[in-house]
1. Tell me which of these residue B:83 doesn't satisfy, since it passes every other one: (1) aromatic (Phe, Trp, Tyr); (2) under 19 Å from the mean Cα position of the chain (by Cα); (3) surrounded by 24 or more Cβ atoms within 10 Å (Cβ to Cβ).
2. Can you find a residue that is in contact (Cβ under 8 Å) with a residue 12 or more places away in the chain, hydrophobic (A, V, I, L, M, F, W, C), surrounded by fewer than 23 Cβ atoms within 10 Å (Cβ to Cβ) and out of contact with any Cys (no Cβ under 8 Å at 6 or more places or on another chain) anywhere in segment B:125-139?
3. Among (1) open to solvent by less than 10 Å² (accessible area, probe 1.4 Å); (2) among the acidic types (Asp, Glu); (3) modelled with pLDDT of 80 or more, there is one condition residue A:227 misses while meeting the rest; what is its number?
4. Go through segment A:29-45 and count every residue that is surrounded by 15 or more Cβ atoms within 10 Å (Cβ to Cβ) and assigned to a helix (DSSP H, G or I).
5. Under the condition of being under 21 Å from residue B:136 (Cβ atoms) and assigned to a strand (DSSP E or B), which residue from segment B:39-71 is nearest to the chain's Cα centre (by Cα)?
6. Of the residues in segment B:130-186, how many are small (Gly, Ala, Ser) and more than 14 Å from every other protein chain (Cβ to nearest Cβ)?
7. Report every pair of residues separated by at least 6 positions or lying on different chains whose Cβ atoms are under 8 Å apart, first residue within segment B:193-204 and more than 12 Å from residue B:272 (Cα to Cα) and acidic (Asp, Glu), second part of a helix (DSSP H, G or I) and open to solvent by less than 40 Å² (accessible area, probe 1.4 Å).
8. Filter segment B:286-341 for residues that are among the β-branched types (Val, Ile, Thr) and either in contact with a Pro (Cβ under 9 Å, 6 or more places away or on another chain) or within 19 Å of residue B:106 (Cα to Cα) (or both) and give the result.
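The values are calculated or read from the model by the stated rules, or taken from the named source; none is laboratory data. Keep in mind it's a predicted model, so treat the numbers as computed, not measured. Here Cβ is always computed from backbone atoms with ideal geometry, including for glycine, and neighbour counts include all displayed protein chains. With ligands, DNA and RNA removed, areas are computed over all heavy atoms of the protein, side chains included. Shrake-Rupley method; radii C 1.70, N 1.55, O 1.52, S 1.80 Å.
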Amino acid sequence: MSPVVEAFVEGVIKAAIALGFLLNSFAIMTIMERKVVGRMQQRYGPNRVGPFGLLQPLADGVKLLMKEQIIPARVNVPIYIVAPTISVMVSLMAFAVIPVAPAFTAGPYRVGWWISNPNIGILYLFAVASLGVYGIVLGSWSSGNKYSLLGGLRSTAQIISYELAFGLSIVSAILLAGSLNLPEVVKVQSHLPWFILIQPLGFAIFAIGGIAETNRAPFDLPEAEQELIAGYHTEYSGFRFALYFMAEYINMVTISALATTLFLGGWLPINFGWFPGWLQWLDNFLLWVPGVLWFLAKVSFFLFAYMWLRATLPRIRYDRLMWFGWKVLLPLAVLNVLITALYVSLQ
Amino acid sequence: MTSEVQTPETEPAGVHEPSEYMTLNMGPQHPSTHGVLRLLLTLDGETIVDVKPDIGYLHTGIEKNGEKLKYQQVITLTDRMGYLDNMMDELGFVLAVEKLLGIEVPERVKWIRALFCELERISSHLVWLGTHALDLGAMSVFLYCFREREKILDIKEMTSGVRMMTSYFRIGGLMADLPPEFEPRVREFLADFPHRVDEYEELLTQNELWMERTENVGLLSREDAIAWGCTGPVLRASGVFADLRKTNPYSGYENFDFEVPLGTHGDVYDRYLCRIREMRESLKIVGQALDGMPDGPWRIDDRKIVPPPKDELGTSMESLIHHFKLFTEGLRPPPGEVYQVVEGARGQQGWYVVSDGSAKPYRFHMRAPSFYNLEALPAMSKDALVADMVAIIGSTDIVLGEIDR
């Protein structure tokens, strides 16, 4: 086979695996979120469908597929239909550059645990993630509903107020790593401490920005249920609604994966190197656990934090979010980048 | 609530000039309008220019229906007006009729009534806190509050057989005496509840996001609050000392030692703090009532007003006749009219009852505190955002069943 065909086949296989992983994680997260939040609220969450209610996502999926997809009279039909697919497509595309584990050798092939490994991986990811807002804005505008419209406006206001700080927090990590290539960023963290330790401020800004990016509580303003009914997806029903839902959850996975890669050392194990002798077995065990599991564990930690926040915090008001984005996060992020740049250039 | 509100088709005033204002119909089926309130918002972006509340979607005709029922039967209707603090509604009506009849109930009855009213205030405030927090996105508080409310409903069920529509207060006394397991259950609640309030406060009171959403939102000045006829926590949060339990005691409230929490600014946060403190004060009253509960009969001994004891029916012809007459013909207060006010969970609940000497009220009317508190909504929501609107509606703690009647 020619290298071109090989690369194509490899890409298709990996994309299929990643797609399967993401869709399954979406299904698992819907049930996990309901269970976790349920427990935090002194209730059980779904426990009727299948053992421990584990088949609930299947039942939900079937229900949403079978439902009539209502198209209200006043919508702009082509855009209304396309908008949710934009959201879900963009959220799936973003995962392509996430390195899950180090590359390994299988026979004559060197295979990476990523679909693609461009040298500007971070830029690609950032660009694609920002496109996600189009799905929301177009969907809200084409719905012909005032509540949807307000949701769309809020999401535009939100994106301009947090995206800058969000981007700058990534810049500080890139400066330390000296590369825009995501596997490189992870590799650097194997000899430097994880960036969360050197860049606590950068990480905090990234985490806040990431929650805003995924429209999750307390920044779920575009779909604030108690204010805007359901915001941008008020008029969506059936599977189109499910697509928006799916996009939100897959975005959460992507942002968590990105946070893991940039700040928590990706697939790297916890290895402080200062375990006393009698704890050597623990050290050995941590090193023995495969990188994929480390990666998944770290991502799950972030996903759990998302659910925790949702169960705890009230929603912020959107003018306060803008105030916070422009007057607090942005100056802090700029300061952080300046200090990091100074430090890197002095070395 | 002018005539313009009834015709939503007409554009609100001020929109005729070429402006960018948007009219947004909020409710009656909106997650945060607490039932079936409808608001016509005129928006400039997300800033509110004008609010017009539109009520009547829950009109039940309870006041009119009451004219066709005997006095004893009307109690069941009062339960269904302010269904979150329904025992205060019962109390108001029962006190009004007792005033008409010119009777005085035994001490024990007064204490039991006060005890239940304070439990009811807590339960009503719990619903308010839960839904208010839910409106602002803190959804766990909602479920925590309902967990505690459940215990109060259990106590009510244990005593009266019904969880919400108790009809436990009767003219001339009560439905029955307290059951023996009542006291331990309430003591258990008394011991547990303060920690639960601490728990809510931990989640909200010093929470940066919560304070940002509620402080300096929905400001209602002292003068405005009085002018609009607000009562209850809405008025007290604006700094006005107005609590009928203190200023105009009824049903034995003069026996209890408690404080009346007052606010300073009159914003949503003050209303929140006021109600939280009120819950603690109510708890004090419940404790005092339980400690000092006098012994004695749980209803008066007037066979024209209260039915005879059940065991007499088989042996006494006279009792049987009284029983029959009371339930077929009802009791007949002398002609006249009375007005009795009680301090409900939302404010002053006034009961106006007119008797023409028959067994049915000629007219009865309730001064619903929610109605007046709702009227202050436009005054509170000057220059607010849509998100604030939700906080302001929540802070007025309206019950549409009480407003529409």
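1. (3)
2. no
3. The single condition residue A:227 does not satisfy is (3).
4. So the count comes out to 11.
5. That would be B:53.
6. Adding up the residues that qualify gives 6.
7. So the pair list comes out as B:199/B:144.
8. Once the filter is applied, which keeps residues that are among the β-branched types (Val, Ile, Thr) and either in contact with a Pro (Cβ under 9 Å, 6 or more places away or on another chain) or within 19 Å of residue B:106 (Cα to Cα) (or both), segment B:286-341 yields B:286, B:300, B:305, B:306.
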